[in-house]
Every structure is written in C-alpha cells, then in structure tokens.
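Coordinate-derived values only; no laboratory data. A quick note: this is a predicted structure, and the numbers were derived from the prediction, not measured. For neighbour counting, all protein chains shown are included, and Cβ atoms are generated from backbone atoms with ideal geometry for every residue, glycine included.
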Amino acid sequence: MQVKTLVVSAQPLPNNRTTTQSKKVVARIWHGTTLTSKADEYYTYLVEAGIKKIESIPGNLGAQVLRQINENNTEFTVISYWESRDAIRNFAGNDIEKVRSLPRDNEYLIKPETQVKHFDVLLDDRK
C-alpha cells in the first residue's frame, strides 16, 4: 500500500509563527466500530473499497485511517481531506453530513454512524 503525506500550510498562530495559508482544506471525519477479531480484515476492506476510491475523486487531497483497540471492540476513524465542500458534494451528494457506507459495512460494523463531521483545517504542522 502506498502512503501519501498531506502538507498544508495554515494561518499564522498567535505566537507569531510565520506559517501562511496556502490553500483551504476541509477535513471529513467518520467513525466506525467493529469487533477486534474482525479489525484487521475490516481495515483491509476499508482501504481497498473505501480509501482507494475516495483518493481517486477529483478534489480529494488524501486520507488518514486511525485505529484504537479497546479489548473486544476496535474503533476506526477516517479523516479525508478535500479542497472544498463542493468537492465533497461531488463524492457524497448534497447532504454531505450523511455517511456514505461501503457495501459490506454491515458485515463488520457494530456501531454504524449515520453522520460525518466536517472541519476547516486551520493548521497542519506535522513534521
């Protein structure tokens, strides 16, 4: 699997850092929980059926997948980055807050969410 790095400059911080806004970025955040016994299998499916698809959509700037294991359950968080909310609409339709489930999510997810959240990225200061 190829790993991409997203580099975004942001507005200056209050402590006089010199970073400047080069482009606006919107983060789309989704959560899903599966049984830990199915977590590795779901991760593979998520990347193949979901991440690779959204990364091919015009206006997508990349994605991150986070995982937290809590004994019997494992929570996944997907953060996808977009040029604009209009770019998200091209992927998700007019109701961008509605989850766009993958075809086999019901085989894996035990706590399916129906809404996603969107945030404006103000700073991405990863080294």
Subtract the Cα-Cα distance of ASP86 and LYS127 from 0.36 nm times their separation in residues, and report this length gain in nm to one decimal.
11.9 nm
Potential extension, GLU97-LEU66 segment - 0.36 nm per residue separation minus Cα distance:
9.2 nm
Give the cross-link partners of LYS24 among the lysines, using a straight C-alpha distance below 21 Å as the criterion and excluding same-chain residues fewer than 8 apart.
LYS4, LYS117, LYS127
Calculate, in nm to one decimal, what LYS117 and GLU48 gain on full extension: separation in residues at 0.36 nm each, minus their alpha carbon distance.
22.6 nm
Largest-first principal axis extents, alpha carbons of segment 26-120, Å
38, 22, 21
Which order do the peptides 102-111, 23-32, 59-68 come out in when sorted by mean C-beta neighbours inside 10 angstrom, highest first?
23-32, 59-68, 102-111
About its Cα centre, what dipole magnitude does segment 26-120 give when the only charges are +1 on Lys and Arg Cβ and -1 on Asp and Glu Cβ, stated in debye to the nearest 20?
160 debye
